[in-house]
Amino acid sequence: MSRKTQTKRSGRRRALGLSCIVGAGLALIGSPAAAQAATAKLTKEALVYTAASGEKNHLTIATTRLAKKVGGSTDAFSVSDSKVTVTAGAGCTRKSLSTVICPAATVKLIVAKGDDLNDTLVNNTGMRSRLNGQDGSDSVVGGSGNDVLYGGNDEDVLSGRGGNDTIKTGGRWADAVNCGSGRDTVFTDWLDRLSSDCESVFRPAR
Ligand SMILES: [Ca+2]
Ligand SMILES: [Ca+2]
Ligand SMILES: [Ca+2]
């Protein structure tokens, strides 16, 4: 069978399969979107949250407690994205459809990426974090520790809150930056609006 014929046939099979799924009212089950859900996992020293493309995320990371000690501690982080389904990756367990719990014993950094669309990423802990809104107009909110916040493309709102934060607005977009307390450093451009409490501001020449 030629390659062209094979492609045609598999295309027909895909079309038939899809119409059956839609007909049954189960469009999401088994689809590529479901296979690429947002994931929270532990790496050697970090808690990593990765959104999937096509999701409008509303992520909140908070502290919680485990029923039993893991790594000598009951400290844990709850990773909750109210807008999407979250998958539990390495070291973490799922609490509900949109909430995953990860033990805190080995975590020295929180990393979260919003991928595309307009997202909200909030670190409500004292653990230092690296949060990246990526594409879309995002709201990125650091915790009380020293955070690194990236807006990525489009018009973002970046809030450092407590701690000595580094805030990077990225691109030629009209972003808004609120540094909060601590000694904060901002890498910005002339379109951005900054609060008056940003200690070090770096802008390219006009
Ligand atoms: Ca997103
Ligand atoms: Ca963005
Ligand atoms: Ca700050």
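List of remarks:
- Test for residue 60: is it within 16 Å of ligand 2 (Cβ to nearest atom) and either in contact with a strand residue (DSSP E or B) (Cβ under 7 Å, 6 or more places away or on another chain) or without any contact (Cβ under 8 Å) to a residue 60 or more places away in the chain (or both): no
- Residues of the range 107-138 satisfying the condition of being among the charged types (D, E, K, R) and either on the phi > 0 side of the Ramachandran plot or within 16 Å of ligand 3 (Cβ to nearest atom) (or both): 115, 128, 130
- Top-ranked residue in the range 41-63 [being of a type in the set (S, T, N, Q) and part of a strand (DSSP E or B); ranked as farthest from the chain's Cα centre (by Cα)]: 63
- Scanning the range 69-92 for residues that are part of a strand (DSSP E or B) and among the aliphatic types (A, V, I, L, M) yields 70, 76, 79, 86, 88.
- Complete set of residues in the range 44-64 that are under 16 Å from residue 99 (Cβ atoms) and among the small types (Gly, Ala, Ser): 51, 62
- Strands (runs of 3 or more DSSP E) wholly inside the range 97-188 that include at least 2 residues being touching a residue at least 40 places away in the same chain (Cβ under 8 Å) and surrounded by fewer than 20 Cβ atoms within 10 Å (Cβ to Cβ): 109-113
- Residue 158 being modelled with pLDDT of 95 or more and away from ligand 3 (no atom under 15 Å from the Cβ): no
The values are calculated or read from the model by the stated rules, or taken from the named source; none is laboratory data. Everything numeric in this text was worked out from a predicted model, so none of it was measured. Note: ideal-geometry Cβ built from the backbone for every residue, glycine included; neighbour counts use all protein chains shown.
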